[in-house]
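Following: one structure in structure tokens, then a few remarks.
The values are calculated or read from the model by the stated rules, or taken from the named source; none is laboratory data. Please read these numbers as outputs of a predicted model, since none were measured by experiment. When we count neighbours, we look across all protein chains shown, and the Cβ atoms used for this are built from the backbone with ideal geometry, even at glycine. Ligands, DNA and RNA are excluded from the accessible area calculation, which covers all protein heavy atoms including side chains. Shrake-Rupley method; radii C 1.70, N 1.55, O 1.52, S 1.80 Å.
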Amino acid sequence: MTTVSLLTPPGPGAIAVLELRGSDAWNALHKCFQTAGNRSLPVNPVIGKTWFGTIGDEVLVAVKQIVPELVIEIHCHGGVHVVRWLIRTFVEYGLQNVSSEEIAINPLALARTVRTASILLDQQHGAFCRDLLRCLESQSQETLQRKAQLIPVGRHLIEPWTVLIAGPPNVGKSSLINALAGYQRSVVSPVAGTTRDLVSTHLVFEGWPIQLVDSAGLRHAEESLEGQGVQRARELMKRADLVVWLIDGSADEPVWPEQDGSLVVVNKADDPRSHSLDSEMIRVSAIRGDGVPELIHEIVKRLVPVEPNAGEGIPVTEEQISLIEQSIRDPGNCWSLLQRYLDS
């Protein structure tokens, strides 16, 4: 059976990706695809080659794999009508449309950024298994350790990292959220306690998906509505991937973070009363935007200390993550574990 399926989420996106999978995919493509310049497609598919042309609308065609079965990707305009027309065209040439209800959910369809989608696409094309095979052949513990270091990336290719902006009241947390987001997401007021609940903002930092959370100022306010927000902020501090603790650089007695591991940032660097504190701390002005690019870079460094190389295999599923973790814990049986996974 040869199938056509939509890999990207349905909707009015800029780009959509269709997948043709099966032995008749190349023949079907020959019947409907016209290359730019009226050149002919080769008789047989060529791995890694791409062709620009038209199937009614402009498309880019790429052969992703030939064995164990032929897989072709078609990148096209993301408009709903264009996608439907292309799928209908391939169905007319004998392919079977495989909908999202008929196949397992494709993680690629849930990617939030181009960078994470690219990494997931590499995994879909077998990057993880290829790396495991090379690791098994060389019996390299170093490669296993490398895979273990990439587990945090694998866990967040779909789900964003959670970054909590915390600190005492009126230190500028909401202003910093707005500066990082590039628009007014949180209400800003000189009145302490304006933010009374957690306010989330989904952003992209250097290609990575981030859920930025504005929190109520941490102080003793347990018997009020604000107090409930304070309690939620403290609970999220324990679960967040990173806590950015904001300090008022102009305060006589700065309030320091409540837990170790927080990224301490000095705000109000533009205030004449601001003092240096620790010279190695990142200093920002949430109002003017000073230091914000440096803060974004430091947040990414904390969340992604080890970045994957192009085409590198990454443990993405819970089964793959468990395999790597178990192999690290049990080095005596790690090679047999890898072999069983590759054989399955």
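What the table shows:
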quantity: Of residues in segment 60-98 being in a strand (DSSP E or B) and farther than 17 Å from residue 121 by Cβ, the one least open to solvent (accessible area, probe 1.4 Å); calculated: 97
quantity: Enumeration of residues in segment 298-308 that are closer than 24 Å to residue 128 by Cα and open to solvent by 100 Å² or more (accessible area, probe 1.4 Å); calculated: 301, 305
quantity: Residue, modelled with the lowest pLDDT, within segment 1-36, restricted to residues that are assigned to a loop (DSSP other than H, G, I, E, B) and closer than 17 Å to residue 93 by Cα; calculated: 1
quantity: Some residue of segment 314-322 being of a type outside the set (Asp, Glu), farther than 25 Å from residue 209 by Cβ and modelled with pLDDT of 90 or more; calculated: no
quantity: Matching residues in segment 37-54 - criterion: being closer than 17 Å to residue 25 by Cβ and not in a loop (DSSP other than H, G, I, E, B); calculated: 50, 51, 53
quantity: Single residue of 90, 128 found to be modelled with pLDDT of 90 or more, closer than 26 Å to residue 57 by Cβ and aromatic (Phe, Trp, Tyr); calculated: 90
quantity: Flag for residue 134 being of a type outside the set (Asp, Glu) and either modelled with pLDDT of 90 or more or part of a loop (DSSP other than H, G, I, E, B) (or both); calculated: yes
quantity: Filtered residues of segment 8-59 (kept if surrounded by 14 or more Cβ atoms within 10 Å (Cβ to Cβ) and among the β-branched types (Val, Ile, Thr)); calculated: 8, 17, 55, 59
quantity: Residue, most open to solvent (accessible area, probe 1.4 Å), within segment 205-216, restricted to residues that are at pLDDT 75 or above and within 19 Å of residue 235 (Cβ to Cβ); calculated: 211
quantity: Residue ranges of helices (runs of 4 or more DSSP H) in segment 247-344 with at least 2 members under 28 Å from residue 144 (Cβ atoms) and of a type in the set (Lys, Arg); calculated: 292-303
quantity: Residue satisfying all of: in segment 246-264; under 17 Å from residue 289 (Cα atoms) and touching a residue at least 60 places away in the same chain (Cβ under 8 Å); surrounded by the most Cβ atoms within 10 Å (Cβ to Cβ) among these; calculated: 246
quantity: Criterion (aliphatic (A, V, I, L, M) and in contact with a helix residue (DSSP H, G or I) (Cβ under 9 Å, 6 or more places away or on another chain)) met by exactly one of 61, 80; calculated: 61
quantity: Of the criteria (1) over 24 Å from residue 170 (Cβ atoms); (2) open to solvent by less than 50 Å² (accessible area, probe 1.4 Å); (3) touching a strand residue (DSSP E or B) at 6+ places or on another chain (Cβ under 6 Å), which one residue 237 fails; calculated: (1)
quantity: Count - residues of segment 28-60 that are farther than 21 Å from residue 117 by Cβ and touching a residue at least 24 places away in the same chain (Cβ under 8 Å); calculated: 9
quantity: Which numbered condition residue 283 fails, given (1) closer than 16 Å to residue 208 by Cβ; (2) open to solvent by 10 Å² or more (accessible area, probe 1.4 Å); (3) out of contact with any helix residue (DSSP H, G or I) (no Cβ under 7 Å at 6 or more places or on another chain); calculated: (1)
quantity: Residue that is modelled with pLDDT under 90 and more than 24 Å from residue 207 (Cβ to Cβ), where the choices are 66, 105; calculated: 66
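Table: residues versus (1) assigned to a loop (DSSP other than H, G, I, E, B); (2) among the small types (Gly, Ala, Ser); (3) modelled with pLDDT of 85 or more.
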{"position": "157", "(1), (2), (3)": "yes, no, yes"}
{"position": "164", "(1), (2), (3)": "no, no, yes"}
{"position": "168", "(1), (2), (3)": "yes, no, yes"}
{"position": "171", "(1), (2), (3)": "yes, no, yes"}
{"position": "186", "(1), (2), (3)": "yes, yes, no"}
{"position": "193", "(1), (2), (3)": "yes, yes, no"}
{"position": "203", "(1), (2), (3)": "no, no, yes"}
